[in-house]
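See below for the structure under consideration.
The values are calculated or read from the model by the stated rules, or taken from the named source; none is laboratory data. Owing to the predicted nature of the structure, the values given are computational and were not obtained by experimental measurement. No Cβ is skipped: glycine too gets one built from the backbone with ideal geometry, and neighbour counts run over all protein chains shown.
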Amino acid sequence: MIDVGAMVPAISQWLPRQRWYSGQVEPETLTIIDQEIRGDRFPVLVRLLVEADRHIYQVLVGVRSRDDHSDFLRGHEQAVVGDVATHQGDAMAYDAVHDPELALVILDAVAPHEKAQRARLMSAEQSNSSIVYDERIILKLFRRIQRGHNPEVEITEALAARGFKCVAEPLATQRVRDFDLALLQPFLSGAAEGWALALTSLRDLFGLNDTASIPIINIDEPPPQPLDPAQAGGDFAGEAARLGAMTGAMHVALADAFGRHHADSKAWAEAIAAQADGLEPGDVDRRAIQRILDRLADIDAGAAIRVHGDYHLGQVLRTDAGWYVLDFEGEPARPIEERRRPSTPLKDVAGMLRSFHYASAVARTERDEYALEDLAAAWEDRNRKAFLRGYMNAAGPGNILPADPECVGAVLAAFELEKAVYELGYERAYRPDWAHIPLAALRRLTEREQ
Amino acid sequence: MTDAIGGSWFQRAVFYEVLVRGFFDSNNDGTGDIRGITERLDHIQWLGADCLWLLPFYQSPLRDGGYDISDFFSILPEYGDLADVVTLIEECHRRDLRIIADLVMNHTSDQHAWFQESRQDRTNPKADWYVWSDDDTRYPDARIIFIDTERSNWSWDPVREQFYWHRFFSHQPDLNYDNPEVQQAMLDVVRFWLDLGLDGFRLDAVPYLYERDGTNGENLPETHDFLKQMRKEIDASHPGTVMLAEANQWPADVVDYYGEGDECHMCFHFPLMPRMFMAVRREQRYPITEILAQTPEIPDSCQWGIFLRNHDELTLEMVTDDERDYMYNEYAKDPRMKRNIGIGRRLAPLVDNNRAVAELLHALLFSLPGSPVLYYGDEIGMGDNIYLGDRDGVRTPMQWTPDRNAGFSKADFAQLYLPPLMDPVYGYQAVNVEAMQRDAGSFLHWMQRVLQVRRQHGDVLGFGSLEILSAENPSVLAFLRQLGDRIMLCVNNLSRFAQPVELQLARLSGKMPVELFGRVPFPLIGELPYFLTLGGHGFYWFELVDAPSVAQQ
């Protein structure tokens, strides 16, 4: 009833408006490599796999009559694909994930045994769209896809099979041709992001500063003691330690599931050095960077294992049953084979520690009070230590980590450096106001080397 | 004794815990008494409590705050006599108030006539009423509860020349429940007080009634059997009576004391209390939601007892290893929450005398599942005197007026059992019932009002299910209480800063939230997330009603 081929120009124009589209402008070529139509009356679901300028996308198009007055598209104009002619008359096409009725059809295609009443679209991510059904299950639809196993599906399945409790176990997956298209999991009800918890803790700490008693000005009196984050009501260290323990357990489970591989620390050092070439001349002392990387190249760096790859406070959720980890997709912009390549588990640790720094810097920036710098640093220091304590206990020395604590420190410093270099590039390109955060981290890392 | 929806009175009751010694002195001897409580029932009734809980008033040498009873059938003379208790019970019932009292089942004072007889020799009629032994090595797995003062659960009696068993202080020998005469004697005690009109008991230290080799002597099946037998007897003779157990254990273990609804009616929920404080300290909901997630369902005819302040507190050795780690990390280490400090503080000083926090904590207490238990004086935000030591710091005289001795007694100041608070923040000149009654904006008036609203919704709050709602903002704790088609939505901001929250309420689309304090209608719930903003430490109680079909003018 629908001429899918006729929709190609509209889809081409529509793609650049989607967050998960990797290009900036309309693709030069667009080929439909798979199509499926569900329903013979409106609303109709059209699932397409399209190749646009060598990238492949899952496009889910809903089609309804032009006379339809459903208001789910209100405020989501970017979701409208355009007009389309059908045997039942003029219709309009749009991104089907916004359509609560078609969302149930999408679920049925993935998991026919799951019955749901209501659907809501969660905010869209860089590479996928997630729909929550009845506040009970969540369907992640991969929009930017690649041939081969999606690491998200692969790792989530492997961890759940190993009895690792801190991932939501897969309930169903959808695989078409050679592509993973969807993953259905229980919705973690009552969960909040680690990022939100960290900022809550920091705002509490800074609020304590607001109501600290004012010292009586008298030169004979000792200066007031600085505030200690350990004394603050919103102390995060207990959470950070449990988060570290969960992370350690995750790495042990990943190593058990995918094996322990040889760590080529020389290659890692070279790769990081290549990235650091992109730094600007005044940023940091290059010789200090080189010293950090030389040390990495020289040591026993422990094992290389499958890792999360994009680990930060936004990827972990606090639930009533403790911390959970999400999003094993890795960096969606990188090729799948690169994302599946084993690395040091300390890469994830470095990612989380960088995230603690970001949280403290962002919370301080929110208040625009640079006097809070010491307090923010004290918070970061306390929670770094707590996280590492929890992590080391769970990961165990000599299992996946180097046996020598000094080697652990050397690998960690190198990967914190890598992450900060990446962040600096990103911030300069997209959020120049935030570039000071990774720059401060780089300087802190390299100053220790002088 | 059941009402229209099939529940019992205690399932929706608000309890008010009274220290006889500290409430009101009717004869001006410096010590509060039973008649003093009778004279001040107006206050409790006006406040909106449903049931008084009296701390021990029995004859006692008072070496453990009256929990060392030397005669179950008479009153400590300083407090009055049996006739005073009967008058108090009658006066309560005339006002539709109920009244329960502490009862210690596990042990007596060593001054009790039963023990004095039992210790004489090994053959007297009460020789087996206590637990005697020639050596002090039996039951090695039973932990010592008061490790600060006791080195063993056995103590040597030089008269009988044997050791006797005691789980608490050495001056509190454990009764021997293996002896049917002891069981009967204690059931006689229970019947005596119920015949006088008491509506039930808070049963002190119930897990320890029996001892068995190779066990830790806690929660034994024999203990449950005895409690079930007691329940059966009082159900037959005194229906409507409540047995409220103090079993200082983890909720998953405490639920055993409900049996199949055929054992205790109520048990205290111990871990919830510190976690409510911790949630406000941390400005996030997980301390509360975690413990609720670990709280098992209880029989329909039962109820939890929940509280903010109380003279009991969770002991860390009762919890699982994981929980102990959690409590240690999050609670015991916190300078303000250390056990021995926590137990010696009243609510107001614990929250820095912050009224918004006190209101929020009470709003939680009154809306979470369970019957709330208030501690005398907390309704006016009384403080404490940590220099008095032990638990006396929270047992200072009730502050009635700004007059001499806080209006508690006309005795000479030096004669008072404890000095009233006189500091500039919490002292009776600043904090007292009379002044707060005159001030319509006082915390006392707020308490009276919130209890009024709770009473109006007593069915839903007493019997309704609990469902915690998802909220991306960790500082917001939102939940639904539902009983049939009656639904309440409670939203709490645990942070001192204003917070937004989006609630996924699409399945209740078409309902209108009506705020319960002012009956203010809020915008209809639709398909989109329901957006609310809360002021610092703010909360909402809504009733969800069907939207009126026509806009009312």
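Overview of results
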item	result
Wholly enclosed helices (runs of 4 or more DSSP H) of the stretch B:210-282 bearing at least 1 residues out of contact with any Leu (no Cβ under 6 Å at 6 or more places or on another chain) and free of Cβ contacts under 8 Å to residues at least 12 places away in the same chain	B:221-237
When residues of the stretch A:120-149 are limited to those that are among the small types (Gly, Ala, Ser) and either surrounded by 22 or more Cβ atoms within 10 Å (Cβ to Cβ) or within 17 Å of the chain's Cα centre (by Cα) (or both), the one farthest from the other protein chains (Cβ to nearest Cβ)	A:127
Long-range neighbours under 6 Å by Cβ, at least six apart or interchain, first residue within 14 Å of another protein chain (Cβ to nearest Cβ) within the stretch B:465-488, second in a loop (DSSP other than H, G, I, E, B) and among the hydroxyl-bearing types (Ser, Thr, Tyr)	B:470/A:189; B:475/B:495
Criterion violated by residue B:152 - all others in (1) of a type in the set (Ser, Thr, Tyr); (2) farther than 30 Å from residue B:229 by Cα; (3) crowded, with 17+ Cβ neighbours inside 10 Å satisfied	(3)
Boolean, residue B:353 is within 14 Å of chain A (Cβ to nearest Cβ), modelled with pLDDT of 60 or more and either in a loop (DSSP other than H, G, I, E, B) or out of contact with any Leu (no Cβ under 8 Å at 6 or more places or on another chain) (or both)	yes
Number of the exception - residue A:50 against (1) surrounded by fewer than 17 Cβ atoms within 10 Å (Cβ to Cβ); (2) under 22 Å from residue A:146 (Cα atoms); (3) aliphatic (A, V, I, L, M)	(1)
Test: residue in the stretch B:39-46 that is touching a residue at least 12 places away in the same chain (Cβ under 8 Å) and under 17 Å from the mean Cα position of the chain (by Cα)	yes
Positions within the stretch B:509-526 being within 14 Å of another protein chain (Cβ to nearest Cβ) and either modelled with pLDDT of 95 or more or loosely packed, with under 14 Cβ neighbours inside 10 Å (or both), in sequence order	B:510, B:525, B:526
Residue match in the stretch A:314-327 (condition: within 15 Å of the chain's Cα centre (by Cα), more than 14 Å from chain B (Cβ to nearest Cβ) and aromatic (Phe, Trp, Tyr))	no
Hey, residue A:34 among the acidic types (Asp, Glu), at pLDDT below 95 and assigned to a loop (DSSP other than H, G, I, E, B) or not	no
Residue in the stretch A:255-276 that is of a type in the set (Ser, Thr, Tyr) and within 24 Å of the chain's Cα centre (by Cα) present	no
Residue within the stretch A:345-353 that is in contact (Cβ under 8 Å) with a residue 60 or more places away in the chain and in contact with a Ser or Thr (Cβ under 6 Å, 6 or more places away or on another chain) present	no
Criterion: more than 16 Å from residue A:11 (Cβ to Cβ), away from every other protein chain (no Cβ under 14 Å), over 24 Å from the mean Cα position of the chain (by Cα) and part of a loop (DSSP other than H, G, I, E, B) - qualifying residue of A:90, A:108, A:68	A:68
Yes/no for residue B:248 being within 16 Å of the chain's Cα centre (by Cα), closer than 21 Å to residue B:145 by Cβ and either among the hydroxyl-bearing types (Ser, Thr, Tyr) or modelled with pLDDT under 95 (or both)	yes
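Quick grid of which residues meet (1) surrounded by 20 or more Cβ atoms within 10 Å (Cβ to Cβ); (2) touching a residue at least 12 places away in the same chain (Cβ under 8 Å); (3) more than 18 Å from the chain's Cα centre (by Cα); (4) not in a strand (DSSP E or B):
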{"residue": "A:153", "(1), (2), (3), (4)": "yes, yes, no, yes"}
{"residue": "A:156", "(1), (2), (3), (4)": "yes, yes, no, yes"}
{"residue": "A:164", "(1), (2), (3), (4)": "yes, yes, yes, yes"}
{"residue": "A:170", "(1), (2), (3), (4)": "no, yes, yes, yes"}
{"residue": "A:174", "(1), (2), (3), (4)": "yes, yes, yes, no"}
{"residue": "A:180", "(1), (2), (3), (4)": "yes, yes, yes, no"}
{"residue": "A:185", "(1), (2), (3), (4)": "yes, yes, no, no"}
{"residue": "A:189", "(1), (2), (3), (4)": "no, yes, yes, yes"}
{"residue": "A:195", "(1), (2), (3), (4)": "no, yes, no, yes"}
